[in-house]
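Comments concern the structure below.
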Amino acid sequence: MIIYHNPACGTSRNTLALIRNAGIEPQIIDYLQHPPTRAQLIAMIEQAGLTVRQALREKESLYLALGLNDPARTDAELVDSMLAHPLLINRPFVVTPLGVRLCRPSELVLDILPQQQQGAFSKEDGEKIIDAFGQRVHP
């Protein structure tokens, strides 16, 4: 199992904590320091069922500065920008034997974990996600 992680991102930290709450220690790749290859990035996007635009982090100032909001930009150009500026890759991507997800929100990781949650879990903001029995809490 691999998580493409940004330790400065709360969603990424919550996703990693949910993985660990299932008793799994994933390979953690700080994608800002060690970005995926072009082939890896494209494969993750495709396997997650996303478009390249959906994998692009629009909240970064670089998004507008580079003109990536222009609908004429091709997927290849967008991927080039994400590889040149990894901060533009939306996060966190998680790769497991059960699939690939862009875990926004973090609880999307639950769909692809091969093991059940082992106990209660709340996000950093206090939102309860997993109860004491390891079951997902539904609002």
Item to check | Number of positions in the range 95-133 that are open to solvent by less than 70 Å² (accessible area, probe 1.4 Å), free of Cβ contacts under 8 Å to residues at least 12 places away in the same chain and part of a loop (DSSP other than H, G, I, E, B) | outcome: 2
Checklist entry - Does the range 101-122 include one or more residues that are more than 19 Å from the chain's Cα centre (by Cα) and acidic (Asp, Glu)? => result no
Item to check | Qualifying position, being modelled with pLDDT of 95 or more and open to solvent by 70 Å² or more (accessible area, probe 1.4 Å), among ALA43, ALA65 | outcome: ALA65
Item to check | Residues (open to solvent by 40 Å² or more (accessible area, probe 1.4 Å), without any contact (Cβ under 8 Å) to a residue 60 or more places away in the chain and assigned to a loop (DSSP other than H, G, I, E, B)) located in the range 1-40 | outcome: PRO7, ALA8, GLU25, LEU32, GLN33, HIS34, PRO35, THR37
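Could you please find all residues in the range 41-57 being among the charged types (D, E, K, R) and in a loop (DSSP other than H, G, I, E, B)? Steps first, answer last, please.
Of the residues in the range 41-57, the ones among the charged types (D, E, K, R) are 46, 53, 57.
The one that is among the charged types (D, E, K, R) and in a loop (DSSP other than H, G, I, E, B): ARG57.
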Next on the checklist: Being in contact with a Phe, Trp or Tyr (Cβ under 8 Å, 6 or more places away or on another chain) and surrounded by 18 or more Cβ atoms within 10 Å (Cβ to Cβ) is the filter here; which residues of the range 68-94 pass it?
Outcome noted: PRO86, LEU88, ILE89, ARG91, PRO92, PHE93, VAL94
Checklist entry - Among (1) under 17 Å from CYS103 (Cβ atoms); (2) touching a residue at least 24 places away in the same chain (Cβ under 8 Å), which single condition is LEU83 missing? => result (1)
Item to check | ARG136 under 22 Å from ARG13 (Cβ atoms), open to solvent by 20 Å² or more (accessible area, probe 1.4 Å) and at pLDDT below 95 | outcome: yes
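Please tell me if ARG91 is more than 30 Å from GLY119 (Cα to Cα) and not acidic (Asp, Glu). Can you show your working first?
Numbers: more than 30 Å from GLY119 (Cα to Cα): no; not acidic (Asp, Glu): yes.
So ARG91 fails the test.
For the range 52-61, does any single residue satisfy the condition of being open to solvent by less than 50 Å² (accessible area, probe 1.4 Å) and of a type in the set (Asp, Glu)? Steps first, answer last, please.
From the range 52-61, those open to solvent by less than 50 Å² (accessible area, probe 1.4 Å) are 52, 55-57, 60; that's our starting set.
This time we only want the ones that are of a type in the set (Asp, Glu), so: 60.
Yes.
The values are calculated or read from the model by the stated rules, or taken from the named source; none is laboratory data. If you're wondering where the values come from, they're calculated on a predicted model, not measured in any experiment. Note that we place each Cβ from the backbone using ideal geometry, even for glycine, and neighbour counts take in every protein chain shown. Quick note on the areas: whole protein, heavy atoms, side chains included, nothing else; ligands and nucleic acids left out. Shrake-Rupley method; radii C 1.70, N 1.55, O 1.52, S 1.80 Å.
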